[in-house]
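Have a look at the structure below, then the notes.
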């Protein structure tokens, strides 16, 4: 049984070896060129940091500023964010207009065709191409909790609320100031 199968495989290989070699060559070429067909991920730059790091940095900066408010004392801040960082990419718009008129016509007849193309602007970054970032939108501040020693004084609470509102562009109804134990 094994010898019969082995003989059949050898006979098949001898009969179709040219075709097998051509197919293997075509598959090899496809595999080599497939790298160009597969979209590459956008490279992540090393200076990007997470939303948690962004929030922590904002909290520390706000704690430093609020601790300088007269009567605030020790301050702790918690910020909640909505969404995540979003990159806005630069787009290049191409518009072309083709107008044709028929001078032999007894009335004015013309054809107008407009085409629009939009594509992301790509720039060279070493050996890779990356999309050009026009601007980066940071997450939106959802709310702020400030815990401080001087929160029992209404003037301190008002000053802290105003400072947070201005610093983070948040309305006062999204800010909570409470007394620290």
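The values are calculated or read from the model by the stated rules, or taken from the named source; none is laboratory data. What you see is a predicted model; the values in this text were computed from it and never measured. Counting neighbours? That spans all protein chains shown, and the Cβs are built from the backbone with ideal geometry, glycine included.
Listed here are the residues, each with its yes/no results for (1) assigned to a strand (DSSP E or B); (2) modelled with pLDDT of 75 or more; (3) in the same structural domain as residue 174 (by TED's automatic domain parsing).
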position	(1), (2), (3)
30	no, no, no
33	no, no, no
46	no, no, no
58	no, yes, yes
70	no, yes, yes
81	yes, yes, yes
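Of all residues in segment 79-99, exactly one satisfies the criterion of being within 24 Å of residue 165 (Cβ to Cβ) and exposed (fewer than 10 other Cβ atoms within 10 Å of the Cβ), namely 82.
For segment 67-78, the set of residues classified as surrounded by 17 or more Cβ atoms within 10 Å (Cβ to Cβ) and more than 12 Å from residue 180 (Cβ to Cβ) consists of 69 only.
Restricting attention to segment 118-159, the residues that are surrounded by 11 or more Cβ atoms within 10 Å (Cβ to Cβ) and closer than 22 Å to residue 82 by Cα add up to 13. Considering 145, 156, 164, the condition of being out of contact with any helix residue (DSSP H, G or I) (no Cβ under 8 Å at 6 or more places or on another chain), in contact (Cβ under 8 Å) with a residue 40 or more places away in the chain, assigned to a helix (DSSP H, G or I) and within 30 Å of residue 64 (Cβ to Cβ) is satisfied by 156 alone.
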